[in-house]
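Here is the structure we will look at.
What follows draws every value from the coordinates through simple rules; no lab data is involved. What you see is a predicted model, and the numbers here were worked out from it, not measured in a lab. Here Cβ is always computed from backbone atoms with ideal geometry, including for glycine, and neighbour counts include all displayed protein chains.
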Amino acid sequence: MDGGQVESTLAVADQERERPAPARGVVVAHGRLAEGLVAAVRQIAGVTDDALVGVSHGREGREELCERAMSELRGPRNLLFTDLPSGGCHLAALIVTRERPEVPVITGVNLPMLLDFVFNRRLEFDELVPRLAQKGQMAIAGNRPRPQLR
C-alpha cells in the first residue's frame, strides 16, 4: 500500500469511529401487525433481531405491554415505532419513554419507513427521525379508477 492508500484507509476508519452505533428498532403494534412488518423487512433487507424486532399487542394489559416493549430496548440507541397515534401501543411507548426519555417514538409505522430505517440506522436521531417520518408519508398514495370513456 502506498502512502495515499494508507491515508484513505485511515480516514475511512476514523469516519466509522465517529458514526453513532446502529440503532435498534422496536415495532409496537396491534394484533400481528408488528410481527408481519418485521418479517417483511427481514425478507426484503435480510436484517436480524439486532436491527428490528416486533412487539405485538394482543389482549394483555398496558403494564405488560410496556414491560415487553421496555425489555426489547437494548444498547445505547433505540427507536420505538407504533401503529396508531393515541392508541394503546402509542400510549405504552410514551409510558416507556418516561423511563427512557432518549428513545424517540415514531407513529404511523409502515413498510417503507422501516426499510429506510434498517438501511440508515447509523444516522443521528436528529436526522433519522424526520427522515423516517417523511419516508413513511411519501409512501402513502391514493388512486381511484378512471371512468371509462365510451
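Inter-label distance, Ser86 to Ser71: 3.1 nm, where each label sits 7 Å from its Cα along the C-beta direction. Could you tell me which of Val26, Cys66, Leu84 has its Cα farthest along the dipole of the chain towards the positive end, charges placed at Cβ (Lys, Arg +1; Asp, Glu -1), taken about the Cα centre? Farthest along the dipole direction, towards plus: Leu84. Annotation: extensible slack from Glu64 through Asp126 equals 19.3 nm (criterion: 0.36 nm per residue apart, minus Cα-Cα distance).
What's the center-to-center distance, using Cα atoms, between region 51-72 and region 88-117 in Å? So the two Cα centres are separated by 12 Å. Label point of Phe119 set 7 angstrom out along Cα-Cβ; within region 35-52, amide nitrogens under 18 Å from it belong to 38-48, 51-52.
Kirkwood analysis of the Cα pair distances in region 94-150 returns a hydrodynamic radius of 13.5 Å. This ranking places Ile106, Ile95, Ile140 by how few other beta-carbon atoms lie within 10 Å of each, fewest first, which gives Ile140, Ile95, Ile106. Taking all Cα-Cα distances within the chain, those exceeding 25 Å account for 36%. Scanning residues 5 or more positions from Thr82 or on other chains, those with amide H under 5 Å from its amide H are Val28, Ile106, Thr107, Gly108, Val109, with H placed 1.01 Å from N in the peptide plane.
Computed from Cα positions, the angle between helix 88-99 and the longest principal axis of the chain comes to roughly 40 degrees. For the chain, a crude dipole built from +1 on the beta carbon of Lys and Arg and -1 on the beta carbon of Asp and Glu, taken about the Cα centre, is about 940 debye to the nearest 20.
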